[in-house]
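Rule-based calculations on the coordinates, nothing more; no lab input. Predicted, not measured: the structure shown is a model, and the values here were computed from it. Using ideal geometry, Cβ is built from the backbone for each residue, glycine included, and neighbour counts are taken over all protein chains shown.
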Amino acid sequence: MKAPDTPGGFHGQPSNRSIMLVLAYLPPFAVIPLLVEKEDADLQWHAKHGIVLMTAEMLLLLGLVVVALVVGLMTAGIGCALVALVPIPFLAFLVMHIMAVVKAFGGKRLIIPVVSEYADKF
């Protein structure tokens, strides 16, 4: 018996599209929907958006760590305080990924000014 093509899948199981939408915004796995679901243009956009978002986040975090290290070398107390603040961007990125997945499930796109423009070009 074949599972119906409904958003909920067969007997409440998530559909392949739902799983791919979640994978599109999970940083290490965003490449999977890009390679597997080549026919679905919307899913391709979400996968590209997830990859560009992940890249932007990694560059931002790298910049924050470099600034914290430089300031830490110059002044020990402020540098340690900056390193202690590094989890805050991780929390912000987690919230952003969750918002993107929720919007994707609703058939919409989370538009992030610079990131979304690169995803359109990618």
>> For the stretch 95-120, give me the residue count where each residue is part of a helix (DSSP H, G or I) and either in contact with a helix residue (DSSP H, G or I) (Cβ under 9 Å, 6 or more places away or on another chain) or surrounded by 11 or more Cβ atoms within 10 Å (Cβ to Cβ) (or both).
In response: 17
> Among the candidates Ala30, Ala47, Ala56, which residue alone is in contact with an Asp or Glu (Cβ under 8 Å, 6 or more places away or on another chain), surrounded by 12 or more Cβ atoms within 10 Å (Cβ to Cβ) and closer than 16 Å to Ala119 by Cα?
Replying inline: Ala47
> Got at least one residue in the stretch 45-64 being β-branched (Val, Ile, Thr) and over 15 Å from the mean Cα position of the chain (by Cα)?
Replying inline: no
> Given the structure, is Val66 part of a helix (DSSP H, G or I) and either in contact with a His (Cβ under 6 Å, 6 or more places away or on another chain) or closer than 18 Å to Arg17 by Cβ (or both)?
Replying inline: no
